[in-house]
Structures are given as structure tokens and as C-alpha cells.
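Colleague: Sharing a structure, written as C-alpha cells. Questions coming.
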Amino acid sequence: MATEPQRTASDQLPIEVSGLRKAYRGRPAVDGIDLTVGPGEIYGFVGPNGAGKTTTMRMLLGLVSPDAGSIALFGRDPLKDELAARSATAGIIEEPRLYRYLSGRRNLSLLARYDRAGAGADVIDDALERVELSERADDRVSEYSQGMRQRLGIAACLIRRPRLLMLDEPANGLDPAGIRFLRGLLRELAAAGVTVFLSSHLLVEVQELCSRVAIIAAGKIAYEGDLEELRARAGRRYRLTVADRGEGARICAELDGISRLEVDGDEVTFAIEDDATLLRLTRRLTDERIVIQALVPEQLTLERVFFELTEPAERIRRATA
């Protein structure tokens, strides 16, 4: 009988998480999550504040021990073999920790000495150049802007020559030019084979950079998969404006195939299963002599889907005559 060939470390997935749990004082911060991140991906990990993003990343980086579940980084268990499992991993949680009284270059030199990888001067110079800090490398970090400190933090990750880079809210404090630079850098790293695990609440950035996301809410994964699949799963949404809003909402509520009905001002918004549902709605409105002022598709953004998955369900407001 043929056996499946064993994968080498380079073939293993950068992140495999199963049933991961962590509680503080009896309250679950991370409640049984599963994640799978493939090589070379820019993977988005999004959720509202307090959802469990940072706690998850702390566990992945070995800063917090999980209460239950398993973690594998490139096929290795960091709880059993921490140094080997995290040898190809670097990351920033919340914000870089830097010696403000030292220069940027000196910060990187000290970190390289602490690290078993022991990056040399050429690697440090290359990292500074990649984050566009070469000209300010010998200035004290206390003279850096917040955006420059963020870039120096990324340089500190790059001197480890990681195959997996974990960044927690990396766009915090960046101006539009800084965000544009960060976006380009992460794409460049991914194109070179580095896997980027990106935690953010800036949904526009996730939408711009990531093809796959996990959405976490109250410590649980509400969705994991492709962005396009996420939009499809959310359904097609339409916006209806009629002369009698209450009657329009009533008819929408009575028809099969219409869901997530909301009334906001003069408009009724809803999701439909298929075109046949839309046809039944227009016929019903016409039969009841309700004037349709507008019936148009609503652009479904990642932000809209995010709030639908993470916010408590709102009461559906239905107007009646």
C-alpha cells in the first residue's frame, strides 16, 4: 500500500490552529477557534475591540499560554518545541517596544545580538532600507514620529528573515502616505514568499490587501474563508424606496426569499435569494398599487458584512400604516 509522502518543514502550513481557548478570571477571551493560513498569504484577522484578536496573536507568538487547543507553526508545536517552531516567525503586538534613547540602527543591532539568528550589519542595513529609514537610522528613536517607530518595528521583524510575519494593527498612527507604503511593503514581502498574518479593525486595509480573512467576535470565529465567498454568503442586498414605506416593508416581510429586512428613513433594505424573489416582489408591489420610486442593488462591502457578523442582531423595524 502506498503511503502519503511526509511533508517537509518548508511544505507545512505557516499557521494551523485547532480548538484554541484562553480565559481570564473565568471569562473566555478566545473560545475554541480554528485557523488555517497558507504560505505566501496576506491573511486578515479582523474583529471589534475586545473580540480576542490580540490574545490569539499573543498565544501564536508564545507570549501567553493557551488553556486548551493546539497550535502548529510550519508543522511544529510551539508548546513542545518553542525555539524550532518560532525560528521562522516574527511579529509586533500592539506597538513596537523600542529603546527611545538609542538610535534606530542601535536598536536593531541590540535585537540582532539577543536573537539566535544573529543578523549582521548588511541585514540590518537592508531592513532599514526596506522600511525607508536609512537616512534617519542614526537618529534617536525619541525623535521619530509614531509612523517611523512602526516602520522601525517592522524592520526589527525583518532582521530575523522571517517566513511568517504577524502584525497587530500595523497601520495605527500612520498617515495616508504611511498606510500606502505599508501596503506596498506587505505585498512585496508576500510576493517574496513571506506569509503575513495581519490583525486590523481597518476593514478598508483588509479589503485592499487580503484575499482570505477570519472574522472574530466575542472570542469565536464568525467566518473564515475567501472575501468573495464571504460576500456571496451574505447574500444580494437591495434598497427599495416606495411612496408608502410601511406597506413596502410589510410586503417584503411577507415574501419568502427575503431576509435581513431593515427600515431606515424612507428606505427599506433587504437581502434576496435569487432573481425570482425580486420578480415576485415587484409584481406584488404593482398588484397592490404601491409606487416604486427606486429599487436598486446595494453595494455590499466588507464593512457591512463585518458588522452583520459581529454586532448583536438589531431588532427589525417594520413600519405599519
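Just so it is clear, none of the values below were taken in a lab; they were calculated from the coordinates. Owing to the predicted nature of the structure, the values given are computational and were not obtained by experimental measurement. Positions of Cβ are backbone-derived with ideal geometry, glycine not excepted, and every protein chain shown enters the neighbour counts.
Colleague: Taking a ≥ b ≥ c as the square roots of the Cα gyration tensor eigenvalues, with a/c under 1.5 meaning rounded and otherwise prolate when a/b beats b/c, else oblate, which class fits the range 236-299?
Modeller: Because its axes are fairly even, with a/c under 1.5, the range 236-299 counts as rounded.
Colleague: So how far apart, in nm, are the two label points at Leu110 and Leu79 if each is 7 Å from Cα heading toward Cβ?
Modeller: Each label point lies 7 Å from its Cα, and together they span 3.4 nm.
Colleague: A further question follows. For the chain, what does the equivalent ellipsoid look like in terms of its semi-axes, each the square root of 5 times an eigenvalue of the Cα gyration tensor, given largest first in whole Å?
Modeller: 46, 23, 17
Colleague: Between Ser142 and Ala121, how high is the FRET efficiency from 1/(1 + (r/R0)^6) when r is the Cβ-Cβ distance and R₀ = 30 Å? Nearest 0.05.
Modeller: Details: r = 23 Å, r/R0 = 0.77.
Working from the Cβ atoms, E equals 0.80.
Colleague: Let me know the charge dipole size of the range 236-299 about its Cα centre in debye, to the nearest 20, where only the beta-carbon of Lys, Arg (+1) and Asp, Glu (-1) is charged.
Modeller: The dipole magnitude comes to about 80 debye.
Colleague: Going by how many other Cβ atoms sit within 10 Å of their own, how do Leu255, Leu61 line up, fewest first?
Modeller: Leu255, Leu61
Colleague: Here is a further query. Any idea how far apart Arg130 and Ala243 come out in nm if each label point goes 7 Å out from Cα toward Cβ?
Modeller: 6.5
Colleague: At 0.36 nm per residue, and after removing the present C-alpha to C-alpha distance, how many nm does the segment from Gln12 to Phe307 gain when stretched out fully?
Modeller: The span from Gln12 to Phe307 would gain 102.9 nm if fully extended.
Colleague: Still on this structure, please answer the following. Can you compute 3J(HN,Hα) from phi for each residue in the range 155-172, using the Karplus curve 6.51 cos²θ - 1.76 cosθ + 1.60 with θ = phi - 60°, rounded to whole Hz and x for Gly and Pro?
Modeller: 4, 4, 5, 5, 5, 7, 6, x, 9, 9, 10, 10, 10, 9, 6, x, 8, 4
Colleague: Which whole-Hz couplings ³J(HN,Hα) result when phi for each residue of the range 84-91 is put into the Karplus expression 6.51 cos²θ - 1.76 cosθ + 1.60, θ = phi - 60°, listed in order with x for Gly and Pro?
Modeller: Karplus values, whole Hz, x for Gly and Pro: 5, 5, 9, 5, 9, 10, 9, x.
Colleague: With a Förster radius of 45 Å, plug the Cβ-Cβ distance of Glu95 and Glu254 into 1/(1 + (r/R0)^6) and report the FRET value to the nearest 0.05.
Modeller: 0.30
Colleague: So what's the back-of-envelope 222 nm ellipticity for the chain, counting only DSSP H runs of four-plus at -39500 (n - 2.57) apiece and dividing by all residues, rounded to 500? Display every interim value, and only then the final one.
Modeller: Numbers: 11 runs with 109 residues, N = 321.
Here the helix-only value at 222 nm equals -10000 deg cm²/dmol.
Colleague: Once you charge only the Cβ atoms, +1 for Lys and Arg and -1 for Asp and Glu, what is the size of the charge dipole of the chain about its Cα centre, to the nearest 20 debye?
Modeller: Dipole about the Cα centre, nearest 20: 840 debye.
Colleague: Would you mind checking the tilt of helix 245-254 against the longest principal axis of the Cα atoms of the chain, expressed as 0 to 90 degrees and rounded to 10?
Modeller: Here the helix axis deviates by roughly 80 degrees.
Colleague: Between Thr310, Gly104, Leu189, whose Cα lies farthest towards the positive end of the dipole of the chain when Lys and Arg beta carbons carry +1 and Asp and Glu beta carbons carry -1, centred on the Cα centre?
Modeller: The one lying farthest along the dipole's positive direction is Gly104.
Colleague: Could the peptides 185-191, 200-206, 163-169, 286-292 be put in order, highest first, of the mean number of other beta-carbon atoms found within 10 Å of their residues?
Modeller: Packing proxy ranking, top to bottom: 163-169, 200-206, 185-191, 286-292.
Colleague: I would also like to ask the following. To the nearest 0.05, how large is the calculated FRET efficiency for Arg25 and Ser65 if R₀ is 22 Å and r is the Cβ-Cβ distance? Can you show the working numbers first?
Modeller: Numbers: r = 16 Å, r/R0 = 0.71.
FRET efficiency, Arg25 to Ser65: 0.90.
Colleague: Follow-up question, since we're still on this one. Name the residues whose placed amide hydrogens come within less than 5 Å of the amide hydrogen of Glu169, ignoring near sequence neighbours (fewer than 5 apart) on the same chain.
Modeller: Ser199, Ser200
Colleague: Which value, in debye to the nearest 20, describes the size of the charge dipole of the range 89-201 about its Cα centre when Lys and Arg Cβ atoms bear +1, Asp and Glu Cβ atoms bear -1, and nothing else is charged? Could you put the intermediate results ahead of the total?
Modeller: On the way: 17 positive and 16 negative charges, 57 e Å.
That gives the range 89-201 a dipole magnitude of about 280 debye.
Colleague: Considering the options Phe270, His201, Val296, tell which one lies farthest towards the positive end of the dipole of the chain, charges being +1 on Lys and Arg and -1 on Asp and Glu at the Cβ, about the Cα centre.
Modeller: Value: His201.
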